[in-house]
Amino acid sequence: MSHTNKTNKDIKDILMNGYIEMSEINLEEANLCVKSDNEAYRVYEEKLTECE
């Protein structure tokens, strides 16, 4: 099916699937960042405790 033969519903479905896929990727990235932030904070707290 060429681009010109796709219906509006086909295009909406393709876009919806793309948005869902990107939201899953964004959630994975956000979770990785939270883990990284938590690890950095843990190291920070550890270093701070060593200075006391």
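The values are calculated or read from the model by the stated rules, or taken from the named source; none is laboratory data. Values in this document were obtained by computation on a predicted structure and should not be read as measured data. Heads up, the Cβs are rebuilt from the backbone with ideal geometry, glycines too, and the neighbour counts pull from every protein chain shown. For the accessible areas, the whole protein counts, side chains as well, though only heavy atoms, and no ligand, DNA or RNA atoms are used. Shrake-Rupley method; radii C 1.70, N 1.55, O 1.52, S 1.80 Å.
Checking E21, E46 one by one, the residue that is in a helix (DSSP H, G or I) and either in contact (Cβ under 8 Å) with a residue 40 or more places away in the chain or open to solvent by 100 Å² or more (accessible area, probe 1.4 Å) (or both) is E21 and no other.
Listed here are the residues, each with its yes/no results for (1) surrounded by fewer than 10 Cβ atoms within 10 Å (Cβ to Cβ); (2) under 29 Å from the mean Cα position of the chain (by Cα); (3) part of a helix (DSSP H, G or I).
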{"position": "K9", "(1), (2), (3)": "yes, yes, yes"}
{"position": "D13", "(1), (2), (3)": "no, yes, yes"}
{"position": "M16", "(1), (2), (3)": "no, yes, yes"}
{"position": "L27", "(1), (2), (3)": "no, yes, yes"}
{"position": "D37", "(1), (2), (3)": "no, yes, yes"}
{"position": "R42", "(1), (2), (3)": "no, yes, yes"}
{"position": "E50", "(1), (2), (3)": "yes, no, yes"}
